[in-house]
Amino acid sequence: MRRYTGSRRAAIGSLIALALAATVTTTPAQAAERPTKRTVTKSAAGRGPADGAAATKRLPAPPRPSKLRPSQRVVAGSTAPAKAQPGAAAAIGKSGAGAPGAGTGTTLIVYDNTGPYAWLGETYAIQTANLVSHFGAWTAHPVGQYTAGELSRYTSVVYVGSTYDEPVPVAFLDDVTATQVPVLWLYDNIWQLTARDPNFVAKRGFTWTQFDTSTVSEVDYKGTAFTRDTLNQGGIMDHVIYDAAKASTVATAVRADGTTFPWAVRSGNFTYVGEIPFSYVSHDDRYVAFSDLLFDVLAPNTATRHRALVRIEDVGPDADPAELRAVADYLYSRKVPFSVAVYSRYRDPKGVNNNGRPEDYTLAQRPKVVSALRYMQSRGGTLLMHGYTHQYGNTANPYDGVSANDFEFYRAHVDAADNVVYDGPVAEDSTTWVNNRISAARTDFRLAGLSVPTVFEPPHYAASATDYQAFNSQFGKRYDRGLYFPGALTGAKADHTRMSGQFFPYAVRDVYGSAIAPENLGNVEPVAFNHHPPRLPADILASAKRNLVVRDGSASFFYHPYLGTDYLKATVEGVQGLGYTFVPASALLG
């Protein structure tokens, strides 16, 4: 068993934000799975690409509006034919099934896709579809393809308005005006709807005024204050409520001077959110409030239920059996079922932790670790597959090539400013390459006499679109935060230069087709690194408390066993004290 000197810092986590360019750095907003055991020889303590929210290039908001008060009009082009014409371009669209346990509802998601920011419209729609899957099946396509009467085939509709003055078909505006099914409208082009419907104010009891570009760092929802990153300069559409019997404020934006204005408004079957809630997201962001707001639109009769999950992270053949047994004993004493993320082969090709001598061994070669894993299973643990080697080849990716420190399915490097930069798929990336690694890992589990896991977690929550599709084919279930790329809805080649990450406060089935057990609280990280501050049990509990607004939500975190059990006790007992009930991941995966 190797021993580590220096700071044992975890180096990477889940990517939650979207890169604007080919290079992606990460920020605290994405704090998630990071490499666990690293011998640090330099003083710079930086986190790795793990977290998700790219430090300087997180999923952006739409561009600042060209006019704070748009012209109330139906934009030219909006009167395009209501039905497809012979010779028209092939339709773009994708449908997905609901998450395990979802209802029978069907949601139509339409989004903007013109101009230089068309990729943003698709990205926001991807994240919308992922969340909507919690409630049932969905279909997504550009709003420009909408045909008259289409809305009537669904039980709800979401319009993701991300492009200022996108030509919105009159057929869509008219159907939204006339329909009785729930409608959720995000951000732009509300002025086209009010222009088309002269009775909007009388019917709805409110109207838009103009974009408010004040500094807003807080959104209040159900008595809970959520954060909003002040980097967001896209503005929030302000509203005026004229008839409180018809319209009500659902959530409130708080300016820096303490004054407020509506962030979201509801009137009957129509709900309007004044911005895109997917940009610059963190654990405590107003995105969490939006995730609950969806229940009122898509499943208003949902019963309140608060479940918790814990995953023991980065366990490989090099693990300390005593640490694993101690964690298992504590969780068993609290009647807490748990998952164990296991990579089956340990590699240190440069001998970083062995005085320059390379190391390479599998679970079967470490019987004490295997015995500890069986012990964990006997105490309520379920093993999942956490990659094969949790590193890539013989190269630093991005740190030192050692298992649990580096990426396996994605390339990355650390730049001169100590940011982890996502570079793109590995050179060998293909379905065959991924399947071979999964097959090798399954063989390792069998040779060790362990049951082969049925759930997958990509190391550092990072993989290419091809890889995610392979994971879905091989497992159909993941326990993670996902990376998503433009092209997922349109069928175009995945654009790996514009990735986005997303965490979920409840179970979903994502656009790759996989059922996802959520991880939404991050992990205990006592030491700052790669410009990320420490994250302690108190921080995780603060996020868990905010998540209580989600009526059928989860508080899910992961934990590295080398930290001992004190931090684990504080976190588990704190989560239980908030009223959550710990369940196995299988309870959310079906």
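The values are calculated or read from the model by the stated rules, or taken from the named source; none is laboratory data. Since we're looking at a predicted model, the values are computed, not measured. We place every Cβ from the backbone using ideal geometry, glycine too, and count neighbours over all the protein chains shown. Each accessible area value is taken on the protein alone, full model and side chains, heavy atoms only, with ligands, DNA and RNA left out. Shrake-Rupley method; radii C 1.70, N 1.55, O 1.52, S 1.80 Å.
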### Task
Return only the number of the condition from (1) in contact with a helix residue (DSSP H, G or I) (Cβ under 9 Å, 6 or more places away or on another chain); (2) farther than 29 Å from G223 by Cβ; (3) β-branched (V, I, T) that V527 does not satisfy.
(1)
## Note on the structure
If you go through K57, K67, K83, the only one that is modelled with pLDDT under 90 and open to solvent by 80 Å² or more (accessible area, probe 1.4 Å) is K83
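Name the one entry in R357, R366 that is without any contact (Cβ under 8 Å) to a residue 40 or more places away in the chain and over 16 Å from P561 (Cα atoms).
The match here is R357.
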### Query
Out of L383, L373, which single residue is aliphatic (A, V, I, L, M), in a strand (DSSP E or B), open to solvent by less than 30 Å² (accessible area, probe 1.4 Å) and over 30 Å from R551 (Cβ atoms)?
L383
### Message
Scan region 510-523 and tell me whether some residue there is within 20 Å of G93 (Cα to Cα) and among the charged types (D, E, K, R).
### Response
yes
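Counting only residues that are among the charged types (D, E, K, R) and over 22 Å from Y117 (Cβ atoms), which one in region 137-176 is most open to solvent (accessible area, probe 1.4 Å)?
This residue is R153.
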#### Entry: Residue check, A441 surrounded by fewer than 22 Cβ atoms within 10 Å (Cβ to Cβ), outside any strand (DSSP E or B) and among the aliphatic types (A, V, I, L, M)
no
#### Entry: Selection within region 282-329 - in contact with a helix residue (DSSP H, G or I) (Cβ under 6 Å, 6 or more places away or on another chain), open to solvent by 10 Å² or more (accessible area, probe 1.4 Å) and either assigned to a helix (DSSP H, G or I) or farther than 17 Å from I540 by Cβ (or both)
T302, P321, E323, R325
### Summary
Condition set touching a residue at least 40 places away in the same chain (Cβ under 8 Å) and open to solvent by 50 Å² or more (accessible area, probe 1.4 Å), scope region 189-213, selection farthest from W263 (Cα to Cα): answer is R196
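If only one of P337, P398, P349 is in contact (Cβ under 8 Å) with a residue 40 or more places away in the chain and buried (at least 24 other Cβ atoms within 10 Å of the Cβ), which one is it?
Answer to the selection: P398.
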#### Entry: Candidate set from region 114-136 (those that are touching a residue at least 40 places away in the same chain (Cβ under 8 Å) and part of a loop (DSSP other than H, G, I, E, B)); member that is most open to solvent (accessible area, probe 1.4 Å)
Y117
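Can you find a residue that is part of a loop (DSSP other than H, G, I, E, B), small (G, A, S) and farther than 19 Å from R266 by Cβ anywhere in region 148-159?
The answer is yes; a qualifying residue exists.
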#### Entry: Residue satisfying condition, being under 23 Å from W138 (Cα atoms) and among the small types (G, A, S), within set A178, A247, A202
A178
